[in-house]
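The values are calculated or read from the model by the stated rules, or taken from the named source; none is laboratory data. Here the structure is a predicted model, which means the values were calculated and not measured. Backbone-built Cβ (ideal geometry, glycine too); neighbour counts: all protein chains shown.
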């Protein structure tokens, strides 16, 4: 392999001029990886890459073809964390450009956790069940194998919409792809967000660290938060003004609950529809009266 590097002790990296590369992060060995450039649904990836820079903690490759000039940058942060970014400058405007810094034809993993784009859209897949299925994830994707977890993540705030796709066939992950899509983009320069790959023995820590890194408003959870009553936990969309008041009175009159419950939350079901701020007929006196 040309351009082979070992970063610290547990990260190994090797790159071939045609764009095929390997990454070993922790116990995960990602083979036959490649960048993918799709323009209007067609594979337009260059087949010759040139190393431009090779610093202690980063390496940059360039390529040019009839569709534009492209940059593939790797950064090595620590023994278990690597980022890769695919950007470029198109030679003309296209309807759709998809840039994937990482595609993997085949990867073994016993479990997949794909984050959804909205509440309730997450998907947990056990490949050991042997069920063939396609999967899609957003923001972060966590793979588990032999008690170690590999997190692939894009930042929550993105320059272009990013996603993960792949399929499970015979207990293996096939055609794993992580990338961003620019649709009807008015500029020629495409500076995408970096894809971060990180491994850990603690999957939950990977998720909490990701949340803290992407949080705009930092909160201190060292002190216990004020306890509250939330209508959603029991009533969901059936909550009414009468039921809120009935529960509030019960809490106020109970010596234990009144000591600890400091807030009443009407989560959902009080409005006509999402985006409107008027109370529905289940709250006949309105929210100001209820407050």
Review point. What residue, of 18, 22, is over 24 Å from residue 97 (Cβ atoms) and surrounded by fewer than 18 Cβ atoms within 10 Å (Cβ to Cβ)?
Key: 22
Exercise for review: Please find, among 263, 171, 205, 219, the residue that is farther than 22 Å from residue 116 by Cβ and free of Cβ contacts under 8 Å to residues at least 24 places away in the same chain.
Suggested key: 219
Review point. Within segment 200-291, which helices (runs of 4 or more DSSP H) (wholly inside it) include 3 or more residues that are at pLDDT 95 or above, surrounded by 13 or more Cβ atoms within 10 Å (Cβ to Cβ) and not assigned by TED's automatic domain parsing to the domain that holds residue 115?
Key: 241-253
Study note, to complete from the structure: Restricted to segment 135-165 and to residues being part of a strand (DSSP E or B) and more than 14 Å from the chain's Cα centre (by Cα), the residue surrounded by the most Cβ atoms within 10 Å (Cβ to Cβ) is 149
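Residue by residue, here is whether (1) in the same structural domain as residue 210 (by TED's automatic domain parsing); (2) at positive phi; (3) touching a helix residue (DSSP H, G or I) at 6+ places or on another chain (Cβ under 7 Å) holds:
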site: 152; (1), (2), (3): yes, no, no
site: 155; (1), (2), (3): yes, no, yes
site: 159; (1), (2), (3): yes, no, no
site: 163; (1), (2), (3): yes, no, no
site: 168; (1), (2), (3): yes, no, yes
site: 177; (1), (2), (3): yes, no, no
site: 180; (1), (2), (3): yes, no, no
site: 184; (1), (2), (3): yes, yes, no
site: 188; (1), (2), (3): yes, no, no
